[in-house]
Amino acid sequence: MDLTLNEEELAVRDWVRTFVKREVMPMEQEVLRRERANEPTFAPGELEDLRAKAREAGFFGLETPEEYGGMALSAVMTALVNVELGRSFVPFSFGGEADNILFHANEQQKQDYLVPTIEGTRKSCFAITEPGAGSDARAIRTRAVRDGDDWVIDGEKTFITGGNEADFVIVFAVTDPEKHAAGQTDESVTAFLVDREAGWRSEYIDTMGQWGPASLIFEGVRVPHSSILGEEGRGFALAMQWIGRGRYLLPARALGGCERLVEMGMEHARNRVTFGQPIADRQAIQWMIADSAVEIEALRWLVLSAAWQADQGMDSRHAQSMAKLYGGVRCNEVVDRMLQVHGGMGYTRELPIERWYRELRLLRIYEGTDEIQRRTIARNLLKGHASVGGHLR
Ligand SMILES: Cc1cc2nc3c(=O)[nH]c(=O)nc-3n(C[C@H](O)[C@H](O)[C@H](O)COP(=O)(O)OP(=O)(O)OC[C@H]3O[C@@H](n4cnc5c(N)ncnc54)[C@H](O)[C@@H]3O)c2cc1C
């Protein structure tokens, strides 16, 4: 068993590490100031300029196929890159990405939605959650009714990331109410690509995080039949494919944040003197650092193992759920400990720790809550779809 990174992986990882250090981290104080002042995170054009710089060096569309100008990186490489990006709380990402399910679009839709999303000229959002259907996504009630060559959509979606900024939405609606009532969700839900101009509106939702998701309201929104993404009635599988896209990616990014937080904690512990000694000499502080370091390592291998399984063409969903669950729970422990190590300063808005504290909390909720991951993991084991010990057993 060889757990070392190969030359290509090292080169990519190191390039991103340097980029984050040189280009992203210097923005941190200004980003904090802007957020305290309720200003947008990035000044106009700032994110685009950064992305253009990265693109010049070839960093564009990490997982996007080469035919669309992307890098087509492996899952392991993408995870490694996300760890590096996570080392700064500035929400930077490389351009050139598109929702994975947009690749199911037909040729016309690819020109209208996929290509402009990759090029950054159009913004998408993904909408399945509703006020009455979150974890239980099969309970969605948004309806699309056929009317001649059109469909008319009515319903409300909620907590939609990017819903305030999006030019179009990938929205999931019930198109066969009888099958839906009979629990045949795999045949009753359809995905539609709907431009904002078609008439849906968004309302900002204030959260404890830095950028608010949106409620999307559909009242008699009329779209042509050609707006269907994939096949009529087969939308639920697409939704699950979107959500399952890379449950190792969110914890990978959080892992980078935890590494940085522990480094900050150690630095502070070495310098902060109480009762005549640096707090780093106290066992209480050392144990917080040691436990955090162990958990970071455990998370690293859960993330890389899930990504590696995906690269091998194995069914990595079980491993991804474990990485997502462990990452969500442990990252929140780590940030809480590092806030504690900083004492009162950790609680202020002068340092980014409280920001990470609020942001990492979300990891336990979206793209499958802790409880839903546990439910999935236990079911896989109890039904024999996965075994304790995984693929090495
Ligand atoms: C900031 C943010 C961004 C989001 N972005 C998007 C997006 O872009 N697109 C989108 O469609 N959705 C998005 N979501 C929605 C998100 O996926 C849901 O909030 C999440 O799935 C949980 O659903 P819920 O909020 O309805 O909670 P509920 O499903 O009502 O759950 C409430 C509690 O009950 C628990 N619970 C539920 N069922 C069970 C069970 N069977 N056993 C044990 N415990 C259970 C849950 O774990 C949770 O603790 C976002 C949410 C947030 C907060």
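By DSSP, the beta bridges lying fully in the chain are antiparallel in about 85 percent of cases. 3J(HN,Hα) couplings calculated from phi for segment 227-234 with the Karplus curve 6.51 cos²θ - 1.76 cosθ + 1.60 (θ = phi - 60°) are, in sequence order, 7, 5, 9, x, 10, 4, x, 10 Hz; Gly and Pro show x.
Relative protection proxy for 32-41, 157-166, 223-232, from highest mean packing down: 157-166, 223-232, 32-41 (other beta-carbon atoms within 10 angstrom).
For Trp287 and Ile217, the FRET efficiency from 1/(1 + (r/R0)^6), where r spans their Cβ atoms and R0 equals 41 Å, is about 0.25.
Only Cα pairs under 8 Å and 6+ residues apart enter the sum, and on that basis the relative contact order of segment 188-282 stands at 26 percent.
Remark: segment 334-350, residue by residue, has Karplus-estimated 3J(HN,Hα) of 4, 5, 5, 5, 5, 5, 4, 4, 7, x, x, 4, x, 8, 7, 8, 6 Hz, where x stands for each Gly or Pro and the curve is 6.51 cos²θ - 1.76 cosθ + 1.60 at θ = phi - 60°. Label-to-label distance for Glu46 and Ile243 is 3.4 nm, based on points extended 7 Å past Cα in the beta-carbon direction.
Computed per residue of the chain from DSSP H runs no shorter than four, each worth -39500 (n - 2.57), the mean residue ellipticity at 222 nm is -13500 deg cm²/dmol. So what does the Cα-only Debye profile of the chain read at q = 0.08, 0.11 Å⁻¹, as log10 I(q)/I(0), no solvent term? Rounded to two decimals, the profile gives -0.46, -0.87.
Our estimate of slack between Glu23 and Ala378, defined as 0.36 nm per intervening residue step minus the Cα-Cα distance, is 123.5 nm. Computed extension gain for Arg36 through Gln108, at 0.36 nm per residue and net of the alpha carbon distance, reaches 21.6 nm. Note on Gln277 and Ser226: the model spin-label points, each 7 Å out from Cα along the C-beta direction, lie 7.5 nm apart.
Helix 46-56 axis versus longest C-alpha principal axis of the chain: approximately 90°, rounded to the nearest ten. A crude spin-label estimate for the pair Val294 and Ile365, with each label 7 Å from Cα along the Cβ direction, gives 3.1 nm. Taking the number of Cβ atoms within 10 Å of each Cβ as an exposure proxy, the fewest-first ranking of Ile118, Ile205 is Ile205, Ile118. Residues whose amide H lies under 5 Å from that of Glu97, counting only those 5 or more places away or on a different chain, are Gly61; hydrogens are built 1.01 Å from N in the peptide plane.
For segment 1-77, relative contact order (Cα pairs under 8 Å, six or more residues apart, normalised by length) works out to 18 percent.
Between the Cα long axis of helix 7-19 and the first principal axis of the chain there is an angle of about 80°, rounded to the nearest 10.
Taking every DSSP beta bridge that has both ends in segment 42-170, the antiparallel portion is near 65%. Residues whose amide H falls under 5 Å from that of Phe89, counting only those 5 or more places apart or on a different chain, are absent, with hydrogens built in the peptide plane.
Amide H contacts of Arg122: Thr117, each under 5 Å away and 5 or more positions distant or on a separate chain (H built 1.01 Å from N in the peptide plane; Pro and chain starts excluded).
Relative to the current alpha-carbon distance between Arg349 and Asp147, full extension at 0.36 nm per residue lengthens the span by 67.4 nm. Taken one residue at a time, the phi angles of segment 159-167 give Karplus couplings (6.51, -1.76, 1.60, θ = phi - 60°) of 6, 8, 4, x, x, 7, 9, 5, 8 Hz. Gly and Pro are set to x. Against the main long axis of the alpha-carbon atoms of the chain, helix 75-86 sits at an angle near 60°. Count the lysine pairs in the chain whose Cα atoms lie under 23 Å apart, taking only pairs 8 or more positions apart in sequence or on different chains. Number of lysine pairs found: 6.
When the convex hull of its Cα atoms is viewed from all sides, segment 109-212 shows a mean projected area of 7.7 nm².
Which values of log₁₀ I(q)/I(0), to two decimal places, follow from the Debye formula for segment 243-392 at q = 0.09 Å⁻¹ with a uniform point scatterer at every Cα? Calculated log10 I(q)/I(0) at the listed q: -0.33.
Bear in mind that the values in this text are calculations on the coordinates, not laboratory data. Bear in mind the structure is a predicted one, so any value in this text is a computation, not a measurement. Using ideal geometry, Cβ is built from the backbone for each residue, glycine included, and neighbour counts are taken over all protein chains shown.
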